[in-house]
Amino acid sequence: MDRYERILTLHRLLKSAHYPIPLSRLLGELECSRATLYRDVAFLRDALGAPIESAGTDQAAFRYEVGEGEKFELPGLWLTSDELAALLALNELISRSGPGVLAGALAPFKARIEGLLSHQDSGKALPIERIRVVAWGERKLDQQVFRIVAGAVLERRQLRFRYRARTTNADSRRTVSPQRLTHYRDNWYLDVWDHDRQALRSFAVDRIADAQALDTPATDVADADLNELLASSYGIFAGKPKAWATIRFSSHAARWVADEHWHSQQKGEWLPDGRYELKLPYSNSKELLMDVLKYGPDAEVVAPLSLREEMKILLQLALGGYQPAQG
């Protein structure tokens, strides 16, 4: 353990201790000699201002002063090598898995983390290339728009923007109170209170343009209300659930589906023949049916009847594309 980590470990031990810590325990925890420990104690007390006091016992022991120790924190950024390495790896993964909006914002922190790692005896280059991140279905995102949107969410300010709906390709102008950002299936969505529609809505951030944060404070919607409308049904554009879907998967597909998270309220059950039955609430059937379709013949929509009929129509339309042309 190098000096940096010894100081950090010593601080954390003294910070969490309710009683004076014997010298023998500190030597074991820090894996150092008595002389080194006393030098570290002196540095922590004299250079960093830690409220260390020696306990008045027959055996040498140390603690933080009662009251003062609770308020004292190490100045600057103090992390172990493992914690620094984890932060650096996380930053690298973000830069590899996204369009750069988060990696760009974290760039100053990355430089500092790399510097801290290089100044430690145990600092070494991390083989980040051995971790592979493959984005699927990721859409192009305007970094400036993302920053404005994220800033409005955190600063609790209203937001005005132009939105082109993907389903209709229609343009509209919106004035909203942003509630939260959601990262879903490699893309970002904005949950808002839409002042023009007087309702909760979700918008794909990649379809937002001309974003402008306003000086007007955002209207806050209670988490319970947000979750009831936006998280109670399957998919990103949820709405209040209108029914529960029942889907049965073959014994082959069941090995995957049984371990998958589809919805927070899902109910799964193994059937006697090895198949797996999944039940979950939904409002908009489109996204749910598209996810079921990827399992092909290994999935069957059982209920409700309207959802089953909708799936049959989709399958017939898909099959029609493979039929030979007439005439």
Inset, instruction - Examine segment 279-299 for a residue that is surrounded by 14 or more Cβ atoms within 10 Å (Cβ to Cβ), without any contact (Cβ under 8 Å) to a residue 12 or more places away in the chain and outside any loop (DSSP other than H, G, I, E, B), and state whether such a residue exists. - result: no
Inset, instruction - Under 7 Å between Cβ atoms, at least 6 apart or on separate chains: pull out the pairs that start in segment 176-203 with a residue that is free of Cβ contacts under 8 Å to residues at least 40 places away in the same chain and end on any residue that is assigned to a loop (DSSP other than H, G, I, E, B) and open to solvent by 40 Å² or more (accessible area, probe 1.4 Å). - result: V176/H195; W193/T219; S202/F237
Legend entry - Residues of segment 164-175 satisfying the condition of being assigned to a strand (DSSP E or B) and either free of Cβ contacts under 8 Å to residues at least 24 places away in the same chain or under 18 Å from L230 (Cβ atoms) (or both): D171, S172, R173, R174
Inset, instruction - Note down all Cβ pairs under 9 Å where the first residue falls in segment 311-326 and is in a helix (DSSP H, G or I), the second is open to solvent by less than 90 Å² (accessible area, probe 1.4 Å) and among the polar types (S, T, N, Q), and they're at least six residues apart or on different chains. - result: M311/S285
Legend entry - For S54: the one exception among (1) in contact with a Leu (Cβ under 8 Å, 6 or more places away or on another chain); (2) more than 19 Å from D2 (Cβ to Cβ); (3) of a type outside the set (D, E, K, R): (1)
Legend entry - Where S264 falls short, out of the listed (1) in contact with a helix residue (DSSP H, G or I) (Cβ under 7 Å, 6 or more places away or on another chain); (2) among the hydroxyl-bearing types (S, T, Y); (3) exposed (fewer than 12 other Cβ atoms within 10 Å of the Cβ): (1)
Legend entry - Pair list, Cβ < 6 Å and 6+ apart or interchain, from segment 246-266 residues that are free of Cβ contacts under 8 Å to residues at least 60 places away in the same chain to residues that are open to solvent by less than 20 Å² (accessible area, probe 1.4 Å) and assigned to a loop (DSSP other than H, G, I, E, B): H263/Y234
Inset, instruction - Could you grab me the full set of residues in segment 201-232 that are of a type in the set (A, V, I, L, M, F, W, C) and either over 26 Å from P281 (Cα atoms) or touching a Pro at 6+ places or on another chain (Cβ under 7 Å) (or both)? - result: I208, A209, A211, A213, L214, A218
Inset, instruction - Out of the residues in segment 193-221 that are of a type in the set (D, E, K, R) and assigned to a strand (DSSP E or B), state the one that is nearest to T167 (Cα to Cα). - result: R201
Inset, instruction - Exactly one condition in (1) under 29 Å from A86 (Cα atoms); (2) touching a Leu at 6+ places or on another chain (Cβ under 8 Å); (3) not in a helix (DSSP H, G or I) is not met by I148; state its number. - result: (3)
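The values are calculated or read from the model by the stated rules, or taken from the named source; none is laboratory data. This is a predicted model, so every value here is computed, not measured. Heads up, the Cβs are rebuilt from the backbone with ideal geometry, glycines too, and the neighbour counts pull from every protein chain shown. For the accessible areas, the whole protein counts, side chains as well, though only heavy atoms, and no ligand, DNA or RNA atoms are used. Shrake-Rupley method; radii C 1.70, N 1.55, O 1.52, S 1.80 Å.
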